[in-house]
Each structure stands twice: as C-alpha cells, then as structure tokens.
1. Does any residue of segment 87-108 turn out to be within 19 Å of Gly43 (Cβ to Cβ), outside any loop (DSSP other than H, G, I, E, B) and among the basic types (Lys, Arg)?
2. Just checking: which of the strands (runs of 3 or more DSSP E) contained wholly in segment 229-329 hold 3 or more residues that are buried (at least 19 other Cβ atoms within 10 Å of the Cβ) and either more than 19 Å from the chain's Cα centre (by Cα) or at pLDDT 95 or above (or both)?
3. Might you let me know whether segment 111-130 holds any residue that is surrounded by fewer than 16 Cβ atoms within 10 Å (Cβ to Cβ) and of a type in the set (Phe, Trp, Tyr)?
4. Within segment 165-186, identify whether any single residue is touching a helix residue (DSSP H, G or I) at 6+ places or on another chain (Cβ under 8 Å), open to solvent by less than 20 Å² (accessible area, probe 1.4 Å), at pLDDT 95 or above and more than 14 Å from Cys57 (Cβ to Cβ), and answer yes or no.
5. Could you tell me whether segment 196-213 includes any residue that is farther than 28 Å from Asp316 by Cβ, in a loop (DSSP other than H, G, I, E, B) and β-branched (Val, Ile, Thr)?
6. List the pairs whose first member sits in segment 88-100 and is of a type in the set (Phe, Trp, Tyr), whose second member is open to solvent by 90 Å² or more (accessible area, probe 1.4 Å) and assigned to a helix (DSSP H, G or I), and whose Cβ atoms are under 8 Å apart, counting only residues at least 6 apart or on separate chains?
Amino acid sequence: MRIVVPAGGIGGARFLRGLKAALGTDAATESDQATDHQITVIGNTGDDITLFGLRICPDLDTVMYTLGGGINEEQGWGRTDETFTVKEELAAYGMKPTWFGLGDRDTATHIVRAQMIAAGYPLSAITTALCDRWQPGVRLMPMTDDQVETHVIVNDEEGRRAIHFQEWWIKHRAALPAEQIISLGAEKAKPAPGVIRAIRNADAVIIPPSNPVVSVGSILGIEGIREAMVDKTVVGVSPIIGGAPVRGMADACLSAIGVETSAGAVAEHLGSDLLDGWLVDEADAGTEVDGIEVRSRPLYMSDPAATEALAQAALDLAVELSERKAQGQ
C-alpha cells in the first residue's frame, strides 16, 4: 500500500510509529524490510519559527527524531539525553526569548538547516538531507517550501495584538483567549515538490490524531493539497476523546475558530467531502456525522501495541472504504 499521512508533531509522530509497525516497515534498515509498503508524510510547517538566526521546524523534527530513535520519549519532543548549555549562555547574554527551550543537540539540527537555507537549498531538500542521518523509514516532506507561519490574535492588558503561535502555545500555554488564528503566507504558498504527486499515487490518506486547526488545518490550507485528497479514500483519527484533547491545548485552537471540542464536531469541521471514515474513542461511541463512516476504537496510544492496533484499525477501515468505493456503493 502507498499511504499518505498529513502529520503534525507528537500525536502524528507516535501514530506513524504504530503505522510503520502495522505495515511491517519498522525494520532498522530498508534492506531488512519484509514489505514494500510506502508511507509518505506531509509535515506541518505552520509552526515554524526563526529564533537566534536559526529556522526551527518543530513538527518536521519531531517526526524525524521519533521515527529515527532520537526523541525524548517522556516529553514527546526534543532530543534524548539533551543538555541546555547554549540556552543558558544565551540567557546570560540577555538574549530573548527565553521561553523557547533550545537544547544543544537540537540546536545542531537547526544550524545545519540554517546553513543550507543560506546556501539556497529549499526546505524539502534540506529535510531529505537531515533524514539521511535519521533514516525515519518514511518519506518525510514539508507541506511547502514557502515560508508559512501561524500567528494568533490576542487581546489582553497589553492590548489587541498578533503573536507567533509558538509564543501563544509555549509561553502562555494557550491561556490567552485567541480571537483569531492566522496562517501568514499560506495564501501564496505552493505545495512542496512531490506532495501532490504522492497524494495522487496514494491508495489512501490517513489523518493521525494531530491538532485539527494548526497542524492538519495548516497542511490542508496549502493550495491544491485538500483538493487532491478529496479524490482519495481518507480516514481520520479523532484527536478529541470525551470532549477533551488527547494531548496539548487543541481545545483552545478549536474555540478560536468556533468549533466545539468534540469528536463529531472536528469531523464536521474537516468535512464529509474530505473524510470517508473517522475513528473515535469508545468514550465517544455513538457519534454520527452525515456522510462519514464513524467507528469507535480505543484511541489512547498508551504503548506500542495499542498504537499499532489503532493504526491497523485505520488501515482496515481505509481498505474497506476503498473497496466499497470501487464497487460503487
């Protein structure tokens, strides 16, 4: 099978690990693979930010580190065995911001990326080069080579202003009520080379339990990506269980765009023109969405076995719905 996965950070990366196991593509090296299934990951770059002269791509790096064996498993982001000498020295110089936790090992990745950007390489080529080290076992590509950044309109004692999504998410923990979420540059951005081709050649698209607004939503907002997916069998996994996000503050993002924090409301937001199938947790069994096949399964990715079982359920539903489409049902 050829599977395309539009993915954000932690939830998307962990789901991908289960998907690789379900497809049998989780061997240490490509030559050891017992199958020729292919996974193409379209990574969200809307969370990207430039700090200290370095271009930081949190979601691309989280997928790369997670699948390549370098992630901090407890956090779900950043490098394992990390140190923060550079961060401490920057703070000693009075450099700001101080709220973004750049680790020393992680900084090396950003330096390589910054040097390649300065040399004129596009982000897609840079991502491929970085993956040569990590060997994630998937084809990882950014949603676009163009610069897209998510900003949030807030209104507090400092007045109404726009701040970068990372500041809202990390420094303020999404506690500042968001009036609007804006994807700067998205209206002019084009899909990265190979993105549309991968979707058109895919047997199915599986949307993992990533943030539906600033991860999946950012990817779908790039010209041509959603339109290409509409023609495929698309199965999504709800990032909401029992009216609350599985992880993070996705509820704050949903509130900002006027969407209820529920499994059914997120599916309706993504749309029946896009989604063919939707997996919800057993806590949300009975959820119905017009035009979308809804199934309930345990969604907590509590361990490798549970994560693989979830990915397998998504694959099984995608195969079932693809066969139903082929039969004209």
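The values are calculated or read from the model by the stated rules, or taken from the named source; none is laboratory data. Fair warning: this is a prediction, and the values are worked out from it, not measured in the lab. Glycine gets a Cβ as well: all are built from the backbone with ideal geometry, and neighbour counts include every protein chain shown. All accessible areas refer to the heavy atoms of the entire protein, side chains included, with ligands and DNA or RNA removed. Shrake-Rupley method; radii C 1.70, N 1.55, O 1.52, S 1.80 Å.
1. No, there is no match, as no residue in segment 87-108 is within 19 Å of Gly43 (Cβ to Cβ), outside any loop (DSSP other than H, G, I, E, B) and among the basic types (Lys, Arg).
2. It comes to 234-237, 277-280.
3. Checking segment 111-130: not a single residue is surrounded by fewer than 16 Cβ atoms within 10 Å (Cβ to Cβ) and of a type in the set (Phe, Trp, Tyr).
4. yes
5. Taking every residue of segment 196-213 in turn, none turns out to be farther than 28 Å from Asp316 by Cβ, in a loop (DSSP other than H, G, I, E, B) and β-branched (Val, Ile, Thr).
6. Listed by first residue and then by second, the contacts come to Trp99/Lys171.
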